[in-house]
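The values are calculated or read from the model by the stated rules, or taken from the named source; none is laboratory data. The structure presented is a predicted model; accordingly, all values stated were derived computationally and were not measured. We place every Cβ from the backbone using ideal geometry, glycine too, and count neighbours over all the protein chains shown.
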Amino acid sequence: MAAPRPDLSQARNRELAPSLAGPVIRRLAELPEWRSICGFRRDLLAAGESPYASIHYMRIEGSVRHHHRRTTEFYYVVEGEGWMELDGEWHPIRKGDLIVVPPHTWHTSKHDEGNELHILIIACPPETTGHADCYFQEGELTPPR
């Protein structure tokens, strides 16, 4: 017989940002798009709102090769076709694919010519305030944010 599920509602509400103390609906079309290291990003669940994950909708454009030391990223291809580089090896990706990027994995992505590439990225754990957990090759400039 399975043990009863513990009531974590009080603990959860203490750890989450006030904006997530109850049910939340975020509409992608209403979120601002901004330039990030992988392309143009909209934060569905921003870093700092949850200790568990952040969720970003990304339109890939001019992605810069990087890695994370503590974050695992889950890339789900929502639309388009392109390529994902993982530790020096390029892989074709397309709508419906899931790519798991463990910590310390060098990665970048690009869309096929004539196509856009839209990806939902779930980052676990999320970045923390003041520490982006994003590292670049030596001599490579940090792209503008």
Task: Condition broken by residue 49, with the remaining ones in (1) surrounded by 15 or more Cβ atoms within 10 Å (Cβ to Cβ); (2) touching a strand residue (DSSP E or B) at 6+ places or on another chain (Cβ under 8 Å) satisfied - done: (2)
- [ ] Report the residue count in the stretch 124-145 for those that are at pLDDT below 55 and either surrounded by 12 or more Cβ atoms within 10 Å (Cβ to Cβ) or more than 19 Å from residue 55 (Cβ to Cβ) (or both).
- [x] 6
Task: Qualifying position, being buried (at least 18 other Cβ atoms within 10 Å of the Cβ), more than 20 Å from residue 135 (Cβ to Cβ) and β-branched (Val, Ile, Thr), among 60, 121, 37, 93 - done: 93
TODO: Could you list all residues from the stretch 29-52 that are of a type in the set (A, V, I, L, M) and outside any loop (DSSP other than H, G, I, E, B)?
DONE: 29, 44, 45, 47
- [ ] Evaluate the stretch 99-108: report whether one residue or more is free of Cβ contacts under 8 Å to residues at least 40 places away in the same chain, over 19 Å from residue 37 (Cα atoms) and loosely packed, with under 14 Cβ neighbours inside 10 Å.
- [x] no
TODO: Return only the number of the condition from (1) surrounded by fewer than 17 Cβ atoms within 10 Å (Cβ to Cβ); (2) in a strand (DSSP E or B) that residue 69 does not satisfy.
DONE: (2)
